[in-house]
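Here is the structure we will look at, set down as structure tokens.
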Amino acid sequence: MPVFLEILPHTVSNGLAGVNLKDSYNETVKLSEVPSLQDGSGHFLALINGNGKVHSIIYTARGYLGLYSSDTKQYEAYKIGETTDYGTVSDSSYSSYYSSIYYLAAIDEGNSTDLTVSRAWSCAGIRACLGIGEWSWNR
């Protein structure tokens, strides 16, 4: 059974009192109008910031990976397994998070004392983990 909304690190949020998370997740999938999400053959992970705005969306279906990044406000698509300038496209770092909408405090600027976690969950860090971008702290 998928996790419908998880707050990382694992803390309880009073702001979700009375919200049916399964219904909210299903409504999100319905609104996507993406057949592979609706029939279960595709998967997605959405990361939101503290204001509920989309930070990043990772989507897979039919051997392809789609990515939306809020820093560039662009959508990108890649074939899983293809070679890029940064490695091989792979969603293995995120596959256990699929079917979820996550809030991670580290993506909100100034909210984390762990620079490594903040960088890893930044849009650039996500692209690097997917094999489609450079690790920004390697420069």
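Every number in this text was worked out from the coordinates using simple rules, so none of it is lab data. The structure presented is a predicted model; accordingly, all values stated were derived computationally and were not measured. All Cβ positions, glycine included, derive from the backbone under ideal geometry; neighbour counts span all protein chains shown.
One table, with the values for the structure above:
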item: Pairwise label distance in nanometres, Thr116 with Gln74, each label 7 Å out on the Cα-Cβ vector; result: 3.0 nm
item: Rounded to whole Hz, the Karplus (6.51, -1.76, 1.60) HN-Hα couplings of the range 57-66, x for glycine and proline; result: 10, 10, 9, 10, 6, 6, x, 10, 10, x
item: Thr88/Glu27 FRET efficiency (R0 30 Å; Cβ-Cβ; nearest 0.05); result: 0.30
item: Amide proton proximity set for Gly42, modelled H, under 5 Å, gap of 5+; result: Leu37
item: Environment charge of Ile132, counting only residues whose C-beta is closer than 13 Å and scoring Lys/Arg +1, Asp/Glu -1; result: -3
item: 3J(HN,Hα) from dihedral phi, the range 81-96, Karplus parametrisation 6.51/-1.76/1.60, rounded to Hz, x for glycine, proline; result: x, 6, 8, 10, 5, 10, x, 9, 5, 8, 9, 4, 5, 10, 4, 6
item: Built amide H within the under 5 Å cut-off of Thr84, gap 5+; result: Val89
